[in-house]
Amino acid sequence: MVKKEILVLEELLGSNKKIASEIRKKLTKKGILTINLLSSPGAGKTTLLERISEKLKPPYKMGVIEGDIETERDAERIRAKGIPAWQILTGGACHLEAKMVGKIFPKIPANLDFLFIENVGNLVCPASYDLGETLRCVLLSTPEGDDKPKKYPKAFTTADCLIITKADLVPLLPFDIERSKEEALELNPELEVFITSALKGTGIEELVNFFLSSLQTLRKQYA
Amino acid sequence: MHELSIVANLFEILEEKAREKRAKKVTLVKLRVGALSGVVSEFLETAFDIYKKDTIAAEAILKIVDIPLKIECQKCHKKTVKKDFVFICEHCGSRELKMLQGTELLLEKMELEI
C-alpha cells in the first residue's frame, strides 16, 4: 500500500462558475442584460419587478426567471403583467445554481432586452453562486434594519447595485437611509445605490434608467 | 446552508481524481476557505462527515485552512489583513484596494492510498 499526496488546487464551485460563464457569453451575445436579484424573503423583489414592468415601455422587452422553494405564485404575478416568466422550483434548496438557469435557457426568446432572475429569498447562500448575470442587485427593505450590510458581507461585496426598498416606511421605523448606504459603501465602494418605494412609485424611474444605460453599455461592448 | 451542495461538488472532484490515480481510498482532504467565501467551515465539516459514508473518502480526514481577507492599497501600497469587511485602507483612507486573498474556496490537496 502506497500513500500519495497530490496537489489539486481546484475551485469547489468551479463547475458552477463554468456553466455561469457559458450562460453569460450566450446572453450577452444576444444583447440581453441579465440581472440577478438577491434579498431576504419579503424584501419586495416581485413587487419591484411589477413596478419595473410598468415603467419599461415598448419597444423594450423583459422576461423573468423566478426561483422559489415552492409554488408558482411569483411567476403568476409577473405573467399577470403580460411579462413572460419561467419558474424554477428548488424543492427545498436555499439558492439557485447556474445549471438550473441553464435548463430554462432554451425557453428564453432571443428578442428580450432584459432578463431578471429573482433568486430564492435568502441573503446568504445565493451570494456564492454566479448565475451568468451581468448585474447583481441586492435589495434591502427598511423593516429589515439599516445594520444588515455588514451582517451579510458576501451579498453586498459581490453586488453591483443596492436597492433600498419600502422607503415610504422610513418615518415609522428607526431606519437611517444614510447609515445603511454608508455601511454598504464601506463594504463595496463601487455600489450604485437606489432608494425606492414600490407603493409610492419613487425611485423606480432612476433604477430603470440605470438598467437602460447598462443595456447600452453591454450592447456597445458586444456590438 | 448551501454547504451540503458545495460538499457534493467536492466529492465529484475527489472521485474523479481518485479514479484518475486509480486510488483505493482517499485518506486526507485539505481545503482552503476564505473569510469572504460565503461558507462556514464548521458546516462544511458536518456536511463532509454526513456525505462521506459509503464513498471512496469514507475514512478521510478533512482539514480546513481558514484564509483571512488580505488587501493591498493601490495608493499607499500597504498590505493589510482585515478582521472586518470594511474596504477602506487603514493607513491612508483610500478606497482603491485590491483583494489579495479571502474569497477562495479551494480543494488544495488530497492524500490517496494507491
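The values are calculated or read from the model by the stated rules, or taken from the named source; none is laboratory data. Treat the numbers as computed from the prediction; the structure is a model and nothing was measured. We place every Cβ from the backbone using ideal geometry, glycine too, and count neighbours over all the protein chains shown.
Take the conditions (1) in contact with a Ser or Thr (Cβ under 7 Å, 6 or more places away or on another chain); (2) assigned to a helix (DSSP H, G or I); residue A:81 misses just one of them, which is (2). When each of A:135, A:48, A:131 is tested for being buried (at least 22 other Cβ atoms within 10 Å of the Cβ) and either under 16 Å from residue A:28 (Cα atoms) or of a type in the set (Gly, Ala, Ser) (or both), the lone residue that passes is A:131. Residue-level check: of (1) in a loop (DSSP other than H, G, I, E, B); (2) facing chain A (nearest Cβ under 9 Å); (3) at pLDDT 95 or above, residue B:75 misses just (2). The number of residues in the stretch B:78-92 that are of a type in the set (S, T, N, Q) and within 12 Å of chain A (Cβ to nearest Cβ) comes to 0. Restricting the stretch A:65-107 to residues that are in contact with a Pro (Cβ under 9 Å, 6 or more places away or on another chain) and buried (at least 19 other Cβ atoms within 10 Å of the Cβ), which is nearest to residue A:134 (Cα to Cα)? Filtering first and then ranking leaves A:96.
Return a yes/no flag: does the stretch A:156-171 have any residue that is closer than 30 Å to residue B:40 by Cα, assigned to a loop (DSSP other than H, G, I, E, B), within 17 Å of the chain's Cα centre (by Cα) and of a type outside the set (Ser, Thr, Tyr). Give the derivation first.
We begin by selecting, within the stretch A:156-171, every residue closer than 30 Å to residue B:40 by Cα; these are A:156-165.
Next cut, assigned to a loop (DSSP other than H, G, I, E, B) only: A:158-160.
If we keep only those that are within 17 Å of the chain's Cα centre (by Cα) too, we end up with A:158-160.
Pick out the ones that are also of a type outside the set (Ser, Thr, Tyr) and you get A:159-160.
Within the stretch A:156-171, one or more residues are closer than 30 Å to residue B:40 by Cα, assigned to a loop (DSSP other than H, G, I, E, B), within 17 Å of the chain's Cα centre (by Cα) and of a type outside the set (Ser, Thr, Tyr).
Checking the structure you have, find out if any residue of the stretch B:33-43 is aliphatic (A, V, I, L, M), in contact with a helix residue (DSSP H, G or I) (Cβ under 7 Å, 6 or more places away or on another chain) and part of a strand (DSSP E or B). Yes: the stretch B:33-43 contains one or more residues that are aliphatic (A, V, I, L, M), in contact with a helix residue (DSSP H, G or I) (Cβ under 7 Å, 6 or more places away or on another chain) and part of a strand (DSSP E or B). Considering the stretch B:1-48, the residues that are closer than 24 Å to residue A:97 by Cα, touching a residue at least 12 places away in the same chain (Cβ under 8 Å) and of a type in the set (D, E, K, R) include one that is nearest to the other protein chains (Cβ to nearest Cβ), namely B:17.
Of all residues in the stretch B:96-114, exactly one satisfies the criterion of being of a type in the set (Lys, Arg) and either within 8 Å of chain A (Cβ to nearest Cβ) or surrounded by 17 or more Cβ atoms within 10 Å (Cβ to Cβ) (or both), namely B:109. Any idea how many residues of the stretch A:1-29 are of a type in the set (Ser, Thr, Tyr) and either within 13 Å of chain B (Cβ to nearest Cβ) or on the phi > 0 side of the Ramachandran plot (or both)? Residues meeting the conditions: 1.
Within the stretch A:16-25, identify whether any single residue is surrounded by 15 or more Cβ atoms within 10 Å (Cβ to Cβ), closer than 30 Å to residue A:198 by Cα, of a type in the set (A, V, I, L, M) and touching a Lys or Arg at 6+ places or on another chain (Cβ under 9 Å), and answer yes or no. Within the stretch A:16-25 (the criterion being surrounded by 15 or more Cβ atoms within 10 Å (Cβ to Cβ), closer than 30 Å to residue A:198 by Cα, of a type in the set (A, V, I, L, M) and touching a Lys or Arg at 6+ places or on another chain (Cβ under 9 Å)), the answer is no, since none of the residues qualifies. Selection over the stretch B:58-72 of residues that are more than 13 Å from chain A (Cβ to nearest Cβ), outside any strand (DSSP E or B) and touching a Leu at 6+ places or on another chain (Cβ under 9 Å) gives a count of 0.
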